[in-house]
Amino acid sequence: MPTDRPVITRIAPSPTGYMHIGTARTALFNWLFARGHGGKFLLRIEDTDRERSTPEATAAIIKGMTWLGLDWDGEAVSQFDQKDRHAEVAHEMLARGAAYKCFASQEEIEAFRQAATEEKRSTLYRSPWRDADPATYPDAPYVIRMKAPQTGETVIEDAVQGTVTFRNDLLDDMIVLRSDGTPTYMLAVVVDDHDMGITHVIRGDDHLQNAARQTMVYQAMGWDIPVWAHIPLIFGPDGKKLSKRHGATGVEEYQVMGYPAAGMRNYLTRLGWAHGDDEFFTTQQAKEWFNLEGIGRAPARLDFKKLENLCGQHIAASDDAALLHELEAYLAAAGATPLTAPQRDRMSRAMYCLKDRAKKFPDLIEKAEFALNARPVEPDEASAKSLDAVSRGILKELTPRLQNVTWTKEMLEPVLTEVAATHGIGFGKLAAPLRAALAGRTATPSVYDMMLVLGQTETIARLEDAAA
Ligand code: GLU
């Protein structure tokens with residue numbers, strides 16, 4: 001294991017659809033590990049499958065990574081672009097006697113499999129060309145197969161799974177180069193990881209078996225084997241493999257739902273990794289703390305409550321300006337109308353009283369309704385109820401008294417309390433028509449906060465509108 005080299009990790013997604021939340025978590029683990037070790041984090045697009053790979057899927061990966069703040073070093077590498085290098089290595093394996101040309105046709109192999117199934121024999125294909133004399137080679141298309149060891153075991157020392165042993169007699173001589181000269185996935189991954197200097201391969205445990213086959217390629221080429229860390233997949237809340245019926249599985253959906261990126265990073269970091277009892281932490285802390293030892297062996301379960309809870313804490317802890325910036329990015333991602341300049345201005349003044357108890361950006365927007373809406377305020381059904389004749393009378397009496405007040409909470413408080421007292425009601429009773437007048441909603445930030453954010457002129461105008 002290359003422990004003396006600086007850490008280099010990678011995420012190697014196949015661009016064949018949307019970006020799965022599991023891929024995002026794998027990317028995050030690799031990113032944290034690299035960043036925490038002063039190493040590099042690389043992005044490789046595994047686009048060798050030309051039929052299934054699309055530019056849209058690559059764009060979705062880039063977008064998802066960017067949203068989550070997972071910056072990679074250098075340019076994204078296209079696996080397809082390395083195809084000549086893959087072929088070169090396959091031929092080097094031939095030259096080293098670690099691979100051989102196999103002339104068996106698809107039909108022959110198919111016939112073998114069928115017969116084996118019918119006779120209930122092992123369907124593991126053993127090519128007759130493995131030890132054939134090159135003098136007997138026909139002038140025909142061939143694939144290059146790895147000359148895999150047929151006895152003994154291949155042992156994976158995995159940082160998460162421990163020592164995992166595979167019986168070599170159960171593995172076939174896998175194809176490394178197809179007859180059209182294109183590499184198989186199993187070869188391409190190893191060549192690229194080697195050429196990119198990857199020291200740690202952190203990926204889903206659905207690739208554990210591949211690690212055994214890939215180890216054979218490293219050994220055949222005499223290359224350093226990276227540190228393996230195969231992480232358990234993400235399950236739904238019911239303990240079943242995560243699928244659409246559990247809710248969102250695509251990274252983009254989470255952005256569109258309005259989760260803040262910092263909360264998402266925190267949640268995904270905790271999903272299958274632990275640092276004592278810490279639940280809420282910053283990205284900086286995660287970079288410092290993240291290690292392979294903290295990755296659990298049991299599948300992690302997606303828990304939306306916990307996600308929301310952490311997101312709420314991150315919103316509350318965010319800097320106002322940064323939050324506003326992210327909120328605008330959310331509006332764009334969700335295809336909503338962008339803020340106008342006056343709305344942005346009010347939002348930035350309102351942010352301090354919006355961010356408590358908001359779990360997602362839509363919660364912030366809902367609370368910000370009073371600041372976003374222009375006059376005249378249209379009270380919703382519930383709040384309209386508190387604007388009866390009596391309370392309109394009180395508002396009418398209040399407005400002139402607000403004309404000469406210094407616009408601070410300290411100066412406003414005695415005025416409002418006094419008006420309430422004159423009518424023999426507590427401030428609570430007065431707050432309802434004020435909310436209706438200022439926001440047209442029953443759930444709003446505090447009356448004082450709204451008055452301060454709206455300012456004197458706008459507040460008085462809204463009260464006059466409601467009193468009329
Ligand atoms: N392209 C593979 C995938 O998307 C990942 C390969 C790897 O991480 O080694 O599942």
I need the full set of residues from segment 30-51 which are more than 18 Å from residue 83 (Cβ to Cβ) and touching a helix residue (DSSP H, G or I) at 6+ places or on another chain (Cβ under 8 Å), in order please. 32, 35, 36, 39, 40, 41, 43
Which members of segment 289-305 meet the condition of being in a loop (DSSP other than H, G, I, E, B) and among the hydrophobic types (A, V, I, L, M, F, W, C)? 290, 292, 298, 302
Just one listed residue, out of 296, 204, 239, is modelled with pLDDT of 95 or more, of a type outside the set (Phe, Trp, Tyr) and more than 16 Å from the ligand (Cβ to nearest atom), and it is 296
So, in segment 34-47, of the ones that are crowded, with 16+ Cβ neighbours inside 10 Å and in a loop (DSSP other than H, G, I, E, B), which residue ends up farthest from the ligand (Cβ to nearest atom)? 37
Quick one: how many residues across segment 194-226 are surrounded by fewer than 19 Cβ atoms within 10 Å (Cβ to Cβ) and over 27 Å from residue 175 (Cβ atoms)? 0
Pick from 81, 73: which is farther than 21 Å from residue 230 by Cα and either of a type in the set (Gly, Ala, Ser) or not in a loop (DSSP other than H, G, I, E, B) (or both)? 81
Could you list, in sequence order, all residues of segment 177-193 that are within 14 Å of the ligand (Cβ to nearest atom) and surrounded by fewer than 18 Cβ atoms within 10 Å (Cβ to Cβ)? 185, 186
2 or more residues free of Cβ contacts under 8 Å to residues at least 60 places away in the same chain and among the hydroxyl-bearing types (Ser, Thr, Tyr): qualifying helices (runs of 4 or more DSSP H) within segment 349-468: 409-422, 456-467
Has segment 399-410 got any residue that is out of contact with any His (no Cβ under 6 Å at 6 or more places or on another chain), under 18 Å from residue 432 (Cβ atoms) and exposed (fewer than 14 other Cβ atoms within 10 Å of the Cβ)? no
Give me the pairs: first residue in segment 40-66 and among the aromatic types (Phe, Trp, Tyr), second residue exposed (fewer than 14 other Cβ atoms within 10 Å of the Cβ), beta-carbon distance under 7 Å, and six or more apart or on different chains, which are they? 41/73
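Only one residue in 337, 269 is of a type in the set (S, T, N, Q), part of a loop (DSSP other than H, G, I, E, B) and under 24 Å from residue 60 (Cα atoms). Which one? Walk me through it before giving the result.
Values: 269 fails: part of a loop (DSSP other than H, G, I, E, B).
Step by step, each of 337, 269 is checked, and only 337 is of a type in the set (S, T, N, Q), part of a loop (DSSP other than H, G, I, E, B) and under 24 Å from residue 60 (Cα atoms).
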Subset of segment 159-176 (residues that are within 16 Å of the ligand (Cβ to nearest atom) and of a type in the set (S, T, N, Q)): 161
Suppose we keep only residues that are among the charged types (D, E, K, R) and in contact with a strand residue (DSSP E or B) (Cβ under 7 Å, 6 or more places away or on another chain) within segment 167-216. Which one would you say is farthest from residue 235 (Cα to Cα)? 178
The correct count of residues that are among the aliphatic types (A, V, I, L, M) and either loosely packed, with under 14 Cβ neighbours inside 10 Å or not in a helix (DSSP H, G or I) (or both) in segment 58-70 is 3
Looking for something away from the ligand (no atom under 16 Å from the Cβ), surrounded by 11 or more Cβ atoms within 10 Å (Cβ to Cβ), within 19 Å of residue 195 (Cα to Cα) and more than 27 Å from the chain's Cα centre (by Cα) - is there at least one such residue anywhere in segment 109-122? no
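Would you tally the residues in segment 286-305 being of a type in the set (A, V, I, L, M) and closer than 16 Å to residue 234 by Cβ?
4
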Any residue that is in contact with a helix residue (DSSP H, G or I) (Cβ under 9 Å, 6 or more places away or on another chain), charged (D, E, K, R) and surrounded by 21 or more Cβ atoms within 10 Å (Cβ to Cβ) - is there at least one of those in segment 8-20? yes
Could you check residue 395 against (1) touching a Ser or Thr at 6+ places or on another chain (Cβ under 9 Å); (2) crowded, with 18+ Cβ neighbours inside 10 Å and say which number it fails? (1)
Are any of the residues in segment 48-57 more than 17 Å from the chain's Cα centre (by Cα), modelled with pLDDT under 95, crowded, with 21+ Cβ neighbours inside 10 Å and within 14 Å of the ligand (Cβ to nearest atom)? yes
What is the number of the single condition among (1) free of Cβ contacts under 8 Å to residues at least 40 places away in the same chain; (2) away from the ligand (no atom under 16 Å from the Cβ) that residue 89 does not meet? (1)
Mind listing whichever residues of segment 1-33 are within 12 Å of the ligand (Cβ to nearest atom), in a loop (DSSP other than H, G, I, E, B) and either hydroxyl-bearing (Ser, Thr, Tyr) or at pLDDT 95 or above (or both)? 12, 13, 14, 15, 16, 19
Look at residue 308 and say whether it is more than 17 Å from residue 269 (Cβ to Cβ), under 18 Å from the mean Cα position of the chain (by Cα) and either at pLDDT 95 or above or in a helix (DSSP H, G or I) (or both). no
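The values are calculated or read from the model by the stated rules, or taken from the named source; none is laboratory data. The model shown is predicted, which means the values in this text are computed figures rather than measured ones. As a convention, Cβ positions derive from the backbone with ideal geometry for all residues, glycine included, and neighbour counts pool all protein chains shown.
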